[in-house]
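The values are calculated or read from the model by the stated rules, or taken from the named source; none is laboratory data. What you see is a predicted model; the values in this text were computed from it and never measured. Positions of Cβ are generated from backbone atoms using ideal geometry, with glycine treated the same way; all protein chains shown enter the neighbour counts.
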Amino acid sequence: MKLKKIKTYVVGNPPPHFGGRYWVFIKLFTDKDIFGYGEIYSVPFHPNVVSKMIDDVFERYVKGKDPFKIEKLWRTIYSSGYTQRPDVSLLGIISGIEMACWDIIGKELNKPIYELLGGLVNNKLRSYTYLYPKETDKLNVYEDANLAAERANEYIEKGFTAVKFDPVGSYTPLDPRHLTLEELIKVENFVKTIHDTVKNKSDILIGTHGQMTTSSAIRLAKRLEKFDPMWFEEPTPPENFEEMGKVALSTTIPIATGERLSTKYEFSKILEYKAASILQMNLGRAGGILESKKIAGLAETHYAQIAPHLYCGPVVGAANIQISACSPNFLILEGIKDWKGFYSEIIKDPIEWNDGYVIPPTKPGLGVELKEEILDRYKYFGTKLHLEMASI
């Protein structure tokens, strides 16, 4: 079997854009007419440019290759241009192509991917969601603690046992910053309101985005410890593992990180510096499915756990499910609410979510098929990127 051609879909995610403004999917075809889907997460260029990058990588390194030769193909693309330390752009493309190869392999062997990577370990996968605003909201759910608490209780009634929110506010190119005393008190009171409202019905996850300096993150963590959050996510930017390690060693709250990291090499540094005990790789950026399985294995040796990140489309979501199903150190799975809405519109068989848990599919490969007629209907024509920081 040889890889024959590639097609890229850039799909606009309709308002309110939960999961990003658009998603980049690829479809790999083989000479045996088997195809596989992949997804590329948040490359920091306009998707028209990204599409050309995908075509270039395919023509240089992928066309005519055997999709079963994952390791060789991965190393060849990873080492392109004599770098062997590519940026997140190329890693995103590697991830999407690798993901699609696994989808093809699973279909050829008539097995879910998790059965090819050690077998099913977790029959159901605990999931969580951010607190999201409603169209009818007159207040900002992240500015009004009572509204956030109300929303958290709504999710708990649906079956969620964990909810996440960012109480620190917007993130900018000037981060990390030192929080003022006023900001620290505001965040503490925001978390307290939600904690006191949900009581012990749900874990609360503090989902910050690297806004704080090391010292400021430590000060905030000390204020939040009494609420016993499940984790404190990316308290400092992802580039300096040693500084995040200082935060981790100063608090009883577990630190989670990984959505902006890639490959086993970066995640090994997180573990080496004891910067986090919960790894949140995004499979559309971290290097794909096999690379994420290696990262999960590294985490096992440190008694660390995985909680795959999702703020993109359902193909990465499906890949997250596959890796979570076969990993003994799986903790919890991120979802966009209960996987409904546009997520369920663009795939033929919606992801099964029941009472707070995702059920791994038994279909071969990734277990999802895209409705391509809908992908074409929602083609992205905007100028903004998938995610952007606040302007300064």
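Sort out which residues of region 43-84 are at pLDDT below 95 and part of a loop (DSSP other than H, G, I, E, B), and write them in order of number.
Those that are at pLDDT below 95 and part of a loop (DSSP other than H, G, I, E, B): T83, Q84.
Can you work out which of the residues in region 360-392 that are assigned to a loop (DSSP other than H, G, I, E, B) and among the hydrophobic types (A, V, I, L, M, F, W, C) is surrounded by the fewest Cβ atoms within 10 Å (Cβ to Cβ)? Lay out the reasoning, then the answer.
Pass one, region 360-392, residues assigned to a loop (DSSP other than H, G, I, E, B): 360-364, 366-369, 371, 378, 380-392.
Retained after the next criterion (residues that are among the hydrophobic types (A, V, I, L, M, F, W, C)): 366, 368, 381, 385, 387, 389-390, 392.
On the way: L366: 30, V368: 23, F381: 9, L385: 17, L387: 15, M389: 13, A390: 11, I392: 6.
Only one residue fits best here, namely I392.
Of all residues in region 300-317, count the ones that are surrounded by fewer than 24 Cβ atoms within 10 Å (Cβ to Cβ) and assigned to a helix (DSSP H, G or I).
If we filter region 300-317 for residues that are surrounded by fewer than 24 Cβ atoms within 10 Å (Cβ to Cβ), which is where we start, we get 300-305, 311.
When the remaining residues are screened for being assigned to a helix (DSSP H, G or I), the result is 300-301.
Number of matching residues: 2.
If I go through region 335-392 residue by residue, how many of them are out of contact with any Asp or Glu (no Cβ under 7 Å at 6 or more places or on another chain), of a type in the set (K, R) and more than 25 Å from D203 (Cα to Cα)?
Here the count works out to 5.
Looking at I289, I255, I270, can you tell me which residue is among the aliphatic types (A, V, I, L, M), modelled with pLDDT of 95 or more and closer than 27 Å to G106 by Cα?
On the way: I255 fails: closer than 27 Å to G106 by Cα; I270 fails: closer than 27 Å to G106 by Cα.
Residue meeting the stated conditions: I289.
Please work out which residue is surrounded by the fewest Cβ atoms within 10 Å (Cβ to Cβ), limiting yourself to region 153-192 and to residues that are of a type in the set (S, T, N, Q) and in a loop (DSSP other than H, G, I, E, B). Steps first, answer last, please.
Taking region 153-192 as the starting set, the residues that turn out to be of a type in the set (S, T, N, Q) are 153, 161, 170, 172, 180, 189.
Okay, now just the ones that are also in a loop (DSSP other than H, G, I, E, B), so 161, 170, 172, 180.
Numbers: T161: 17, S170: 12, T172: 12, T180: 10.
Taking the candidates together, the pick is T180.
Find all pairs meeting these conditions: Cβ atoms under 8 angstrom apart; at least six residues apart or on different chains; first residue within region 214-225 and in the same structural domain as P176 (by TED's automatic domain parsing); second residue in a helix (DSSP H, G or I) and charged (D, E, K, R).
Partner pairs satisfying both residue conditions: T214/E243; T214/K246; I218/K246; L220/E188; R223/E188; L224/E188.
Look through region 193-229, keep the residues that are among the hydroxyl-bearing types (S, T, Y) and out of contact with any Phe, Trp or Tyr (no Cβ under 9 Å at 6 or more places or on another chain), and return whichever of them is surrounded by the most Cβ atoms within 10 Å (Cβ to Cβ).
The initial filter retains those residues of region 193-229 that are among the hydroxyl-bearing types (S, T, Y), namely 193, 197, 202, 208, 213-216.
Applying the additional criterion that residues be out of contact with any Phe, Trp or Tyr (no Cβ under 9 Å at 6 or more places or on another chain) yields 193, 197, 213-216.
Working: T193: 18, T197: 17, T213: 18, T214: 19, S215: 16, S216: 21.
Per the stated criteria, the residue is S216.
Hey, among the residues in region 230-254 that are in a helix (DSSP H, G or I) and more than 20 Å from the chain's Cα centre (by Cα), which one's surrounded by the most Cβ atoms within 10 Å (Cβ to Cβ)? Explain how you work it out, then say what you get.
First, the residues of region 230-254 that are in a helix (DSSP H, G or I): 241-250.
Now narrow it down to the ones that are more than 20 Å from the chain's Cα centre (by Cα): 242-243, 245-250.
Numbers: E242: 12, E243: 18, G245: 21, K246: 17, V247: 25, A248: 23, L249: 12, S250: 15.
Of everything passing the filter in region 230-254, V247 is surrounded by the most Cβ atoms within 10 Å (Cβ to Cβ).
Could you pull out the residue among S277, S262 that is buried (at least 19 other Cβ atoms within 10 Å of the Cβ) and within 26 Å of I105 (Cβ to Cβ)? Before you say what the answer is, go through the steps one by one.
Working: S277 fails: within 26 Å of I105 (Cβ to Cβ).
Result: S262 is the single residue among S277, S262 that is buried (at least 19 other Cβ atoms within 10 Å of the Cβ) and within 26 Å of I105 (Cβ to Cβ).
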